[in-house]
Amino acid sequence: MDLFAPRTPPNQPLAARMRPATLDEYAGQQHLLGPGRPLRTALEQGALHSMIFWGPPGVGKTTLARLLATLADAHFVTISAVLSGVKEIRQAVDQARQHAARDGRQTILFVDEVHRFNKGQQDAFLPYVEDGTLLFIGATTENPSFELNNALLSRARVYVLKALDEQALEALLMRALTDSERGLGAQRLSISNEARQVLLGAADGDGRRLLNLLEIAADLTPEGGTIDLELVGELLNDNRRRFDKGGEAFYDQISALHKSVRGSNPDGALYWYARMLDGGCDPLYIARRVVRMASEDIGNADPRALTLCLNAWDVQERLGSPEGELAIAQAIVYLACAPKSNAVYKAYNAARQDVAGQPSLEPPLHLRNAPTRLMKELGYGQAYRYAHDEPEAYAAGEDYFPEELEPRQYYQPVSRGLELKIAQKLEYLRSLDAASPNQRRRKS
């Protein structure tokens, strides 16, 4: 099968026509394909193996799989997980067996969007990968650790493909402009420096996107003309950067926002907030996450933070954009600049862990209400000390845990913000406990 014929039908999109026919034409991924790098070494040694290509859109996952098939002189069969199922997998296996019987050549099965296959469909590959019927190459934009079966991952090596850098994008753009056979060379077009830089930035590491934009610009430019900044600006109206709602980029960016807040860096936090909005994220989602940050990372070091974040959420719901987005930005900056404490977060998790690891222990009798005579006769509420009637409104030495459980100190305030004062207060109250003759005796 000749995958890269010398001439490609001219009615194909530019991105399809410009698929590289050799590794030298392939743009980017030098960390995998440079001299001495793992994938190139495997190619040179003829030691191809099943693999997963993980990377953002438009970085050459499909193209690289086709190149590997060509260089390995293997048959290439491709299916899309969006449109295919177990039936298509079996058909691909039958083709692989026919090819092996006819000419002895290996078959590479390329599965695009492999993360869209369910567990059963992914399992269908395993016996044929295991017995060598075919080499499996899957492409995914999602984290394979979360989206692919461990059984499949254990039989394939994961290669991470990166977004194309400016140098790789520029090489791709210039090759498309000058290639007379597959590209736009016959139109004798040029591009201004300003337009080129804007196009490279708008591509956002996506080679296919770059070529699609270039092709539209070329269609709107007369033969022998120059693609200028004004034309490119018109093409990029309402341009958005790479952002996949619910996908890997989504979680990476909200993680970066959260960690910037936790790290007390308001500028980094604002950058990631702006990136998420630019990518089309719902501001209300960010507002909810910001409320979480207020409890998890600021806590009682500055209790006002939680109120401010709830107010920002309310503003977004009432006013929408852009007024609400500014209120969320205000809350984000406040959180980043506020004193930090995860003491409540840690204390809550420790209490939950204790509860999960213990049987259902009963409250001690002195902490129970006694609304009936029987309950009073059984000792409910007996010897309970009403804190407001005690000196300093504190029942020194009182015990509030089940009798079978030693008292715990889950909450350990930090020495920052309001929690510094809280820590001093708790230390004082514990000193009263230690000096109190009312320490409740516990069952041995």
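The values are calculated or read from the model by the stated rules, or taken from the named source; none is laboratory data. Note that this is a predicted model, so its numbers are computed, not measured. As a convention, Cβ positions derive from the backbone with ideal geometry for all residues, glycine included, and neighbour counts pool all protein chains shown. Calculation scope for accessible area: heavy atoms of the full protein, side chains included, ligands and nucleic acids excluded. Shrake-Rupley method; radii C 1.70, N 1.55, O 1.52, S 1.80 Å.
Size of the range 166-241: Rg and Dmax of its alpha carbons, in Å, are 11.3, 33. Charges on Cβ only, +1 for Lys and Arg, -1 for Asp and Glu, centred on the Cα centroid of the chain; of VAL355, THR63, THR141, which one is farthest towards the dipole's positive end? About the Cα centre, the residue reaching furthest to the positive side is VAL355.
Taking label points 7 Å from Cα along the Cα-to-Cβ direction, GLU406 and ASN265 give a separation of 4.2 nm.
Listed by chain and number, the aspartates and glutamates placed with their C-alpha closer than 15 angstrom to that of LYS61 are GLU25, ASP112, GLU113, GLU142, ASP206; residues fewer than eight positions away on the same chain are left out.
To put it simply, the accessible area of the range 267-337 at a 1.4 Å probe is 57 percent carbon and sulfur.
For the range 29-160, the square roots a ≥ b ≥ c of the C-alpha gyration tensor eigenvalues yield an a/c of 1.5 or more together with a/b not exceeding b/c, which makes the shape oblate. Straight-line cross-link partners of LYS119 among the lysines, defined as a Cα under 20 Å from its Cα and at least 8 positions apart when in the same chain: LYS87.
Dividing the summed -39500 (n - 2.57) terms of all DSSP H runs of n ≥ 4 by the residue count of the chain sets its mean residue ellipticity at 222 nm at -14000 deg cm²/dmol. Once the C-beta distance of LYS425 and ASN150 is scaled by a Förster radius of 56 Å, the resulting FRET efficiency is 0.65 to the nearest 0.05. Under 5 Å between amide hydrogens, built in the peptide plane, is the criterion, and for THR78 it picks out PHE110 among residues at least 5 positions away or on other chains. Here are labelled values, (1) 25.5; (2) 27.6; (3) 22.1, and one is the computed Kirkwood radius over Cα pairs in Å for what I pasted. Which one? The calculated read-out lines up with (2). Placing +1 on the Cβ of every Lys and Arg and -1 on the Cβ of every Asp and Glu, with no other charges, gives the range 119-205 a dipole of roughly 140 debye about its Cα centre. Go through LEU235, PRO222, GLY185 and say which Cα lies farthest out towards the positive end of the charge dipole of the range 166-241; charges sit on Cβ, +1 for Lys and Arg, -1 for Asp and Glu. Towards the positive end, the residue furthest out is GLY185.
The HN-Hα couplings worked out from phi for the range 201-217 by the Karplus form 6.51 cos²θ - 1.76 cosθ + 1.60 (θ = phi - 60°) are x, 5, 5, 6, x, 9, x, 5, 5, 4, 5, 5, 5, 5, 5, 5, 4 Hz, whole numbers, x standing for Gly and Pro.
Stretching the chain fully between GLN91 and ASP314 yields a gain of 74.8 nm (0.36 nm per residue, less the alpha carbon separation). Taking all Cα pairs closer than 8 Å and separated by 6 or more residues, the relative contact order of the range 166-241 comes to 33 percent.
The mean sequence distance of close C-alpha pairs (under 8 Å, at least 6 residues apart), as a share of the length of the chain, puts its relative contact order at 11 percent.
Normalising the average separation of contacting C-alpha pairs (under 8 angstrom, six or more residues apart) by the number of residues puts the relative contact order of the range 360-435 at 26 percent. Let me know the shape class of the range 248-340, please: from the alpha-carbon gyration tensor, a ≥ b ≥ c as square roots of the eigenvalues, rounded when a/c is under 1.5, otherwise prolate if a/b is greater than b/c, or oblate. Oblate is the answer for the range 248-340, as a/c is 1.5 or above yet b/c matches or exceeds a/b. For the chain, a crude dipole built from +1 on the beta carbon of Lys and Arg and -1 on the beta carbon of Asp and Glu, taken about the Cα centre, is about 1140 debye to the nearest 20.
Bridging of LYS259 to lysines at a Cα separation below 28 Å is possible for LYS162, LYS245, LYS340, LYS346, LYS421, once same-chain residues fewer than 8 apart are set aside. Residues of the chain were split at every exposed loop site, defined as GluC sites (Glu not before Pro) in a DSSP loop with at most 11 other C-beta atoms within 10 angstrom, and the longest piece left, sites excluded, is 224-444. Compared with the dominant Cα axis of the chain, that is its longest principal axis, helix 61-71 is turned about 50°. Using the alpha-carbon centroid of each, what span in Å lies between the range 97-172 and the range 324-402? Taking the Cα centre of the range 324-402 as reference, the centre of the range 97-172 is 53 Å away.
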